[in-house]
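Here, each number is a calculation from the coordinates, and none is a lab measurement. This one's a predicted model, so the numbers in the text were calculated from it and none came from an experiment. Please note: Cβ atoms are built from the backbone with ideal geometry, for glycine as well, and neighbour counts cover all protein chains shown.
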Amino acid sequence: MRPHRDPEQLAKAAHMYFVEERSQDEIAATLATTGSNVSRMLKQARELGIVRVQIQFPTKRHEQLEQELRRRFELADVRVLAVGAGADPLPGVGRLAARWLHDTLQDGQVLGLGWGTTLQAVAQAIDGGPQRNVEIVQLMGGLSSIALASTGQELAHAFSERLGGRHRYLHAPALFASAKRLAAMLDEPSIRIALDAARSADVALVGIGTARRGSFIALIQDFELSPGERRRLQESGAAGDLCGHFYDLSGAEVPNPVADRVLAINLDDLRRIPSVAAVAVSRDKASGILGALRGHLIDVLICDEHAAQAVLELDRSLQPA
């Protein structure tokens, strides 16, 4: 068994080789040893865990589904994750969305954020890349029934840190017990200014809720609806929600008992933002995605192949015979 070398020397050789990209002969001259000994040092550094090799496979995209969605719904951009058997699609979709942001955002722009676990995955995937002189704003207030890291203020902070920009908080909850209480909050100058900043965003990144999972369920929990209100909401024909506003499969906002209790930009405000990208994962999101597409609420779709296939299947099933 060959003796272990000084770990400090192994780390020094490894740093020169892998980080400084110096040749083994150059390292040998610096350490007053031979090239063959440097090779053995690098091997031992890996064996001892001083050097760890991590291979990041590129995120694969499903180009056929992208083309079909772009053509069918006249989208500005589509990015669909090709999902391996048994793989969790959320991290991969997060990476696709992070890459889209790097490709899209320009210095001086305002980025509006929705909320949810998909946007949290995007924030976690923003690693490296060019820093942007952008402002991050919230499109809606915060919610209490979801993980803190997925809600408005925490996401705004996370995105600004990772993109290198600055953020503006919307210091208010998203949901109010009554329309009267919401109206009182909207009279506050700081709230009006924050919402005006959200309406003037150049780019928006949003998650999509549906009746089966995601933000739709969180909203119902936060509203603390009575049994009658819950029934009316569930019978309203809502296919999904964006920023707390419920819409049907045509993208039209549906009347519901909580429509006047949400602190957020509305669906028409969202349509006026030049570039709105929705990030969604799983077949369960199909109705919410399709309603957003048909109602021209979003310009860009970033999702996994299962969600994409389900959207196209649902759309074909609703076409007149």
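Tell me, what is the percent relative contact order of the chain, built from C-alpha pairs under 8 Å that lie six or more residues apart? Mind dumping the intermediate values first?
Values: 599 pairs, mean separation 54.8, N = 321.
For the chain, the relative contact order is 17 percent.
At an R0 of 35 angstrom, the distance between the Cβ atoms of S200 and A179 translates into a FRET efficiency of 0.90.
Suppose we keep just the DSSP beta bridges with both residues in the chain; what percent of those would be antiparallel, to 5? Intermediate values should be presented prior to the final figure.
Details: 9 of 34 bridges.
Antiparallel: roughly 25 percent of the beta bridges in the chain.
Taking the fewest neighbouring Cβ atoms within 10 Å as the starting point, the ordered list for T59, T118 is T59, T118.
Taking the number of other C-beta atoms within 10 Å as the exposure measure, put C243, C303 in order starting with the fewest. Show your work: numbers first, answer last.
On the way: C243 28, C303 32.
Lowest count first: C243, C303.
Note on the chain: GNM, Cα springs under 10 Å; of F159, F246, F176, the largest mean-square fluctuation is that of F176.
By how many nm would the segment from S250 to A85 grow when fully extended, if each residue of separation counts as 0.36 nm and the alpha-carbon distance is taken off?
Working it through step by step, the gained length comes to 56.1 nm.
Relative to the longest principal axis of the Cα atoms of the chain, helix 35-47 runs at roughly 40 degrees. Between E21, E305, E63, the GNM of the chain built on Cα springs shorter than 10 angstrom shows E21 fluctuating the most.
The 3J(HN,Hα) values that the Karplus relation (6.51, -1.76, 1.60; θ = phi - 60°) gives for segment 105-113 are, in residue order, 5, 10, 4, x, 8, 10, 10, x, 10 Hz. Gly and Pro appear as x.
GNM remark for the chain: springs join alpha carbons under 10 Å apart, and the peak mean-square fluctuation among Q106, Q124, Q24 falls on Q24. Labels on offer are (1) 1.12; (2) 1.00; (3) 1.02, and the one holding Rg/Rh (Cα atoms, Kirkwood Rh) computed from this structure is (1). By the helix-only formula, in which each DSSP H run with n ≥ 4 contributes -39500 (n - 2.57) and the sum is divided by residues, the chain has a 222 nm mean residue ellipticity of -13000 deg cm²/dmol. As a proxy for reagent exposure, ranking Y17, Y247, Y169 by other Cβ atoms within 10 Å from fewest up yields Y169, Y17, Y247.
Bridging of K12 to lysines at a Cα separation below 20 Å is possible for K43, once same-chain residues fewer than 8 apart are set aside. A straight chain from R230 to S190 at 0.36 nm per residue would run longer than the Cα-Cα distance by 11.2 nm.
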